[in-house]
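The values are calculated or read from the model by the stated rules, or taken from the named source; none is laboratory data. Worth saying up front: this structure is predicted, and the values here are computed from it rather than measured. Glycine also receives a Cβ, built like all others from the backbone with ideal geometry; neighbour counts cover every protein chain displayed. Accessible surface is based on the protein model in full, side chains and every heavy atom, while ligands, DNA and RNA are left aside. Shrake-Rupley method; radii C 1.70, N 1.55, O 1.52, S 1.80 Å.
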Amino acid sequence: MSILAIDLGGTKIATGLFSLSGELILKSSVLLENRSGHEVGFLIKEQIKKYQHNPEISLDAIGISVPGISRSKTGTVWAPNIQGWEDYPLIEEIKTLDRNMLVRMDSDRACCILGEVWQGNAKEVNNAIFITVGTGIGAGILLNGEIMRGAYDIAGAIGWMALQKPFESKYISCGNFEYYASGEGLVRLAKEIISVSKDYQGLLTGENISGHDIFSAYNLQDPVAEKVFSECIVYWGMAAANLISILNPEKIIFGGGLFGPAVQFINKIKSEAAKWAQPISMTQVSFESSALGIDAALYGAAYLAMKNK
């Protein structure tokens, strides 16, 4: 018997087949390629069918990680990076394949911390926060051994943290923190810095700058790239400090697509956080990178399904 885990992101769908003992047996991914609405739902079902129709695989349950809000009462999803997913009936869509299949779903931020609890750096920890930084930003919060979801399943949407003033309308869609310090935020920040820089002749030119370009330029000491990460380190540090002061965790774990290459900044982020955080709580927390890397949400989705069997 096996567990199928699905990690729906802003740009791709990753799937992983897990044994009941927690071994990742098989992993694959497919790009969304600007699909929207039911096109994304259809693509998810196509990935599931590949496993259902394999005579060597016997699926016991499906766990799904989604970007945004997973509504536990209705089985619907609000995913801001997928057009047409304001209240998408994903559980019902998947159940059309097999009404008897156990399907469990949660937000990617919750799944990330669940993955670390199961197979990563939050084992035997009761209070930990997973800050996931990729297309967006979120926090999976483990509080007194339980996942914190809030009254309406929105807890951990820290992309909307207000970390500077004044408010600007450009923050409405994703929040001040995410606007500048996510994967897409790096690019926005770089373009804003370039727009006010006089005589910049560095490596970051043209409209199609990517996060990868900014990391590469940083390694070559490009001044705009250095300023981008200098500012992002402050954002990441301030956000961590706020979470430490409010929740008093044992661990802050950084993961997602940016951490990754941004792991090199963790010590600097901790130093920045120490300027802002409640001082005693700050001495009690460790800063770490994810043990599971980009697969944290996949592991968490599998664990979600497994523990609900």
Revision key, fill the gap. Matching residues in the range 194-212 (more than 20 Å from Ser289 (Cα to Cα) and open to solvent by 60 Å² or more (accessible area, probe 1.4 Å)) number 9
Review point. Of the residues that make up the range 137-151, is at least one surrounded by fewer than 18 Cβ atoms within 10 Å (Cβ to Cβ), within 19 Å of the chain's Cα centre (by Cα) and of a type in the set (Gly, Ala, Ser)?
Key: yes
Study note, to complete from the structure: Listed by range, strands (runs of 3 or more DSSP E) wholly within the range 1-89 having at least 2 residues that are over 30 Å from Glu184 (Cα atoms) and in contact (Cβ under 8 Å) with a residue 12 or more places away in the chain are 2-8, 12-19, 59-66
Point to revise | Conditions (1) open to solvent by 10 Å² or more (accessible area, probe 1.4 Å); (2) more than 19 Å from Pro80 (Cα to Cα); (3) in contact with a helix residue (DSSP H, G or I) (Cβ under 9 Å, 6 or more places away or on another chain): number failed by His38 | key: (2)
Revision key, fill the gap. Output for Cβ contacts, cut-off 8 Å, separation at least six or different chains, first residue farther than 16 Å from Met148 by Cα in the range 233-260, second in a loop (DSSP other than H, G, I, E, B) and at pLDDT below 95, reads Gly256/Gly134; Gly257/Gly134; Gly257/Thr135; Leu258/Gly134
Check your understanding: Ala157 fails exactly one of the following numbered conditions: (1) under 30 Å from Ser70 (Cα atoms); (2) open to solvent by 30 Å² or more (accessible area, probe 1.4 Å); (3) aliphatic (A, V, I, L, M); (4) touching a helix residue (DSSP H, G or I) at 6+ places or on another chain (Cβ under 7 Å). What is the number of that condition?
Key -> (4)
Review point. What residue, among those in the range 249-287 that are in contact with a helix residue (DSSP H, G or I) (Cβ under 8 Å, 6 or more places away or on another chain) and open to solvent by 80 Å² or more (accessible area, probe 1.4 Å), is nearest to Glu184 (Cα to Cα)?
Key: Lys268
